[in-house]
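Visitor: I have a structure I would like to understand better, so I am pasting it below and will then ask my questions one at a time.
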Amino acid sequence: MARIRKFCAYRRLERPFTRRSKYKSESFIKASPPSKIIRFDMGNSKKEFPLTLSLVSSSPLQIRHNAIESARQTGNRHLEKFLGKEGFHMKIRIFPHHVLRENPLAAGAGADRMSTGMQKAFGKSISVAAQVHTNQTLITLRIEKNHLAIGKRALQKAASKLPCNCRIVQSGPVTF
C-alpha cells in the first residue's frame with residue numbers, strides 16, 4: 001500500500017522549488033500535484049468585526065497542504081457550530097507554492113532490480129507545501145468582542161493540526 005512519507009523529512013526550510021506557469025512550455029516543473037485546500041475565505045467577509053485574532057508561527061518550517069486544509073476544517077467547524085456561518089470571518093494567509101519531491105528507495109527482496117539508488121536522485125513531485133517563517137501569520141480570524149473565547153478555542157484546535165508551535169495574537173479591527 002502506498003503511504004505518505006513522514007513529514008519530518010520535509011519540515012526544515014530549503015531552497016524553494018516553485019517554478020510553475022499556466023503555460024506548460026514555460027514551466028520548469030512540468031507536473032505539480034494539486035493542492036487540497038478548498039477555500040481560503042470562510043464566513044462573512046462583508047461585515048466589519050471589532051476584534052481580530054491571528055495564529056502566528058513560532059518557528060521557520062514547511063507546512064504541507066493537507067495539514068493546512070485539516071486546520072482550516074477544524075477551526076471552521078468549531079466556529080460554525082457556535083457562531084453560525086455569518087458570525088465570523090476566517091482567512092488562511094499562507095499558500096502552498098513549494099513542490100516536494102521524493103526519490104523512492106526500495107528495500108527488501110528484489111529491490112536492486114527496481115531501484116537506481118542515488119543515481120538520478122532528483123525525485124518526482126509528490127506534494128506541495130507552504131514555506132513559513134518565524135512570526136508569520138498563518139490564519140486570521142475576525143469576530144465580535146463577546147465571542148473572544150470561542151475564537152481562541154477555534155484557533156487552538158486549528159493549531160493542533162499544524163506541525164509547528166503557534167501563538168494567538170489579539171488586535172483591533174483589521175480589514176483585508
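The values are calculated or read from the model by the stated rules, or taken from the named source; none is laboratory data. Model, not experiment: these values are computed from the prediction. In this analysis, Cβ positions are derived from the backbone assuming ideal geometry, glycine residues included, and neighbour counts consider all displayed protein chains.
Visitor: Can you pull out every residue in the range 147-176 that is farther than 16 Å from Gln73 by Cβ and part of a helix (DSSP H, G or I)?
Guide: Listed by number, the residues that qualify are His147, Leu148, Ala149, Ile150, Gly151, Lys152.
Visitor: Quick one: which strands (runs of 3 or more DSSP E) sit completely within the range 28-126 and have at least 3 residues that are more than 30 Å from Gly172 (Cβ to Cβ)? Break it down stepwise before answering.
Guide: Numbers: elements: 41-43, 51-57, 61-64, 88-92, 98-102.
Passing ranges, in order: 98-102.
Visitor: Scan Phe122, Phe176 and give me the residue that is loosely packed, with under 14 Cβ neighbours inside 10 Å and either in contact with a Ser or Thr (Cβ under 9 Å, 6 or more places away or on another chain) or modelled with pLDDT of 90 or more (or both).
Guide: Values: Phe122 fails: either in contact with a Ser or Thr (Cβ under 9 Å, 6 or more places away or on another chain) or modelled with pLDDT of 90 or more (or both).
Every option except Phe176 fails the conditions.
Visitor: Take the residues of the range 30-75 that are exposed (fewer than 14 other Cβ atoms within 10 Å of the Cβ) and among the aliphatic types (A, V, I, L, M): which is nearest to His98 (Cα to Cα)?
Guide: Ala31
Visitor: Next question, about the same structure. What do you reckon, is Thr116 at pLDDT 95 or above and out of contact with any Phe, Trp or Tyr (no Cβ under 8 Å at 6 or more places or on another chain)? Steps first, please.
Guide: On the way: at pLDDT 95 or above: no; out of contact with any Phe, Trp or Tyr (no Cβ under 8 Å at 6 or more places or on another chain): yes.
So Thr116 fails the test.
Visitor: I'm trying to understand the selection: among the residues of the range 15-29, which are charged (D, E, K, R) and surrounded by 11 or more Cβ atoms within 10 Å (Cβ to Cβ)? Steps first, answer last, please.
Guide: We begin by selecting, within the range 15-29, every residue charged (D, E, K, R); these are 15, 19-20, 22, 24, 26.
Once the filter is applied, which keeps residues that are charged (D, E, K, R) and surrounded by 11 or more Cβ atoms within 10 Å (Cβ to Cβ), the range 15-29 yields Arg19, Arg20.
Visitor: For the range 73-94, check the following and say yes or no: at least one residue is of a type in the set (Ser, Thr, Tyr) and under 19 Å from Ala159 (Cα atoms).
Guide: Taking every residue of the range 73-94 in turn, at least one turns out to be of a type in the set (Ser, Thr, Tyr) and under 19 Å from Ala159 (Cα atoms).
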